[in-house]
Amino acid sequence: MAPPSGCSIGDVHEAIAAARPDALCLVFRDRRLTWAEVTDRTRRLANHLISKGLGCHTERDQLEGWESGQDHLAIYLHNGNEYLESMLGAFKARVAPLNVNYRYVAEELRYLLDDSKATAIVIHSQFAPTLADVLADVPSLRVILQVEDGSGNPLLPGAVWYEDALAAASAAKPDIATSSDDLYILYTGGTTGMPKGVLWRSGDALVECFGGSRTAETPEDFAAEAVGALQALLAPPFMHGAGHWMSFRTWTTGGTVFVQDTPERLDPAEIWGLIEREQLNFLLIVGDAFARPLIDELDRIDYDLSTLTVILSGGAPLSAHLKDELIRHLPTTLIVDGLGSSEAGGQVSQVSAGAAGSTTGSFAIAPGNHVLSSDLDRVLEPGDDELGWLAKSGRLALGYLGDASKTARTYPVIDGIRYAVPGDRAKLTAEGLVELHGRDSVTINSGGEKIFAEEVEAALKAHDSVYDCVVAGRPSERWGNEVVAVVRIREGHSATVPELLAEAELHIARYKLPKAFVFVDEIVRSPSGKADYRWAKQVAAAS
């Protein structure tokens, strides 16, 4: 069992700030905040929350894994300095931060705020009308901080402008002792079911989610290792785990987080221009939904991206042919596929570079990661010809907020060892490679065979004319369920159904091929780039 970290996230950031106060910490539009300035602003936010009576009311050792003894701060924002400040300020106040999908309609927002028992919220003004619709139904919510954004919406009843709250609060270090047991809450995306809040000890999240040092034992140890090498642009929304995980990973190494000027949408010209102008060395994207338009922009215009050493795709797989296209444009840049989950943190990764050729869905097994049998009763060995479950041991999340039974299902104990099993089906090859087959939650049972949506999507995307696609099942009298591909064709290209099937047949067995195609002008995805399978099922059924 991995030893629990003894460091809180707020204390680690404070220690790094003390060691490099004048270095750049966070850049957004015309704000170029040093580590000392971010420390000042997050202390003020923490003191404001504390002044409202928020904090920790029951210590961790008195609670079950699915329980919380803290107040919760919902973060209902687009990307910007306020998002990361809200997370860090909450940690310093012993308040648990949680992410809110800013695309939610009122009913979805009501569910999340009620499920999370949020007592405070930070919100961009443009979302105020949606929050106003549900405020009467969320009695737990008693602190509202509103961020001006040019929308012109007035303050909500009882709300305070974010900057006014900071200006009025003390800049002194909060007079409380934070703990590595304090919670970090990550809500799942809800693209296949209702969102659930995953509870992490912040000390464990610091290492497993935020990429902090595995050898550091004190905040000062973290500061000693923080050399500031990462100059990182995190393109996905911070409300998605990959976005704020890599932001905090950048900070735990003493680096600088850069935010694009227009965070409401993916703007390839803005992203490449910012990397060129600021000479950044790291870019985070989410799968093909981000890679395709970024590559199209590189086909159109030449940028000086000589400083860019790593592109990491997290949260969704990156197709092999798009990796090859990125390498063609950026031959000295490493293309990394990172796999992780809300329940397990970071898990495995794959690096593509140069002319070696790229693959999709195969990863070297990393320490602490395993493939469990389909019955969840044993750990599979390399070469076991069984489709099992990707799992992780060691530092894991505590469980799902308020849900003991789901916690027990996702975190089984085998031979005295606790594992996280987020739901990815996998095989372990004789060479020790993990072959991912897809999420069980989007598996299609057709004619007695299990077909994984992501596997079919990857096969179809290998066709040059496919811009994007999502695969779902729909009821069938013959097959029980049949595979339907919802496809967007690239502008200026064309492809017939036989041509698409011929390409897919080169990569997957015939029984997995789509029985029908639906061609659309746009694929609906979450802001993080993840496929919305509920939407895809509706489109498939309607066709």
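The values are calculated or read from the model by the stated rules, or taken from the named source; none is laboratory data. These numbers come from a predicted model, not from an experiment. We place every Cβ from the backbone using ideal geometry, glycine too, and count neighbours over all the protein chains shown.
Of all residues in the stretch 392-418, those being buried (at least 21 other Cβ atoms within 10 Å of the Cβ), closer than 16 Å to GLY368 by Cα and either touching a helix residue (DSSP H, G or I) at 6+ places or on another chain (Cβ under 8 Å) or at pLDDT below 95 (or both) number 3. If you filter the stretch 347-357 down to residues that are surrounded by fewer than 20 Cβ atoms within 10 Å (Cβ to Cβ) and within 12 Å of PRO331 (Cβ to Cβ), you find that the one that is modelled with the highest pLDDT is ALA353.
Considering only residues that are hydrophobic (A, V, I, L, M, F, W, C) and outside any strand (DSSP E or B), which ones fall in the stretch 364-422? Give the derivation first.
Our first condition is that a residue be hydrophobic (A, V, I, L, M, F, W, C); within the stretch 364-422, this holds for 364-366, 371-372, 376, 379-380, 387, 389-391, 396-398, 401, 404, 408, 413-414, 417, 420-421.
Within the stretch 364-422, ILE365, ALA366, LEU376, LEU380, LEU387, LEU396, ALA397, LEU398, LEU401, ALA404, ALA408, VAL421 qualify.
Pairs linking a residue in the stretch 206-223 that is more than 13 Å from GLY254 (Cα to Cα) to a residue that is among the small types (Gly, Ala, Ser) and assigned to a loop (DSSP other than H, G, I, E, B), with Cβ atoms under 6 Å and 6 or more positions apart or on different chains, are LEU206/SER5; LEU206/GLY212; VAL207/SER5.
Per-residue answers, yes or no, for (1) of a type in the set (A, V, I, L, M, F, W, C); (2) part of a strand (DSSP E or B); (3) at pLDDT 90 or above; (4) closer than 22 Å to ALA462 by Cβ:
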residue: THR262; (1), (2), (3), (4): no, no, yes, no
residue: LEU274; (1), (2), (3), (4): yes, no, yes, no
residue: LEU280; (1), (2), (3), (4): yes, no, yes, no
residue: ASP288; (1), (2), (3), (4): no, no, no, yes
residue: THR332; (1), (2), (3), (4): no, no, yes, no
residue: LEU339; (1), (2), (3), (4): yes, yes, no, yes
residue: THR359; (1), (2), (3), (4): no, no, no, yes
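The number of residues in the stretch 446-463 that are over 28 Å from the mean Cα position of the chain (by Cα) and at pLDDT 80 or above comes to 1. So for the stretch 366-386 (the condition being within 26 Å of ASP288 (Cβ to Cβ) and aliphatic (A, V, I, L, M)), does at least one residue qualify? Scanning the stretch 366-386, I find at least one residue that is within 26 Å of ASP288 (Cβ to Cβ) and aliphatic (A, V, I, L, M), so the answer is yes.
Scanning for something outside any helix (DSSP H, G or I), acidic (Asp, Glu), more than 30 Å from TYR104 (Cα to Cα) and out of contact with any strand residue (DSSP E or B) (no Cβ under 6 Å at 6 or more places or on another chain), does the stretch 40-58 turn up at least one residue? First the steps, then the outcome.
Applying the first criterion (outside any helix (DSSP H, G or I)) to the stretch 40-58 yields 52-58.
Still in the list and also acidic (Asp, Glu): none.
Within the stretch 40-58, none of the residues are outside any helix (DSSP H, G or I), acidic (Asp, Glu), more than 30 Å from TYR104 (Cα to Cα) and out of contact with any strand residue (DSSP E or B) (no Cβ under 6 Å at 6 or more places or on another chain).
For the stretch 323-346, filtering for residues that are of a type in the set (A, V, I, L, M, F, W, C), surrounded by 20 or more Cβ atoms within 10 Å (Cβ to Cβ) and within 23 Å of GLY241 (Cα to Cα) leaves 3. Within the option set TRP245, TRP251, being in a helix (DSSP H, G or I) and touching a His at 6+ places or on another chain (Cβ under 8 Å) holds for one residue only, TRP251. Kindly check whether there is at least one residue in the stretch 206-213 that is assigned to a loop (DSSP other than H, G, I, E, B), out of contact with any Lys or Arg (no Cβ under 8 Å at 6 or more places or on another chain), hydroxyl-bearing (Ser, Thr, Tyr) and under 30 Å from TYR411 (Cα atoms). Checked against the condition, which is being assigned to a loop (DSSP other than H, G, I, E, B), out of contact with any Lys or Arg (no Cβ under 8 Å at 6 or more places or on another chain), hydroxyl-bearing (Ser, Thr, Tyr) and under 30 Å from TYR411 (Cα atoms), the stretch 206-213 yields at least one hit.
Provide a single number: the residues in the stretch 514-543 that are in a loop (DSSP other than H, G, I, E, B) and crowded, with 18+ Cβ neighbours inside 10 Å. Total satisfying the criteria: 8.
Tell me yes or no: at least one residue of the stretch 33-41 is in contact with a Phe, Trp or Tyr (Cβ under 9 Å, 6 or more places away or on another chain) and either surrounded by fewer than 19 Cβ atoms within 10 Å (Cβ to Cβ) or modelled with pLDDT under 95 (or both). Within the stretch 33-41, none of the residues are in contact with a Phe, Trp or Tyr (Cβ under 9 Å, 6 or more places away or on another chain) and either surrounded by fewer than 19 Cβ atoms within 10 Å (Cβ to Cβ) or modelled with pLDDT under 95 (or both). Looking across the stretch 156-196, just one residue is in contact with a His (Cβ under 7 Å, 6 or more places away or on another chain) and within 30 Å of ALA344 (Cα to Cα), and that is ILE185.
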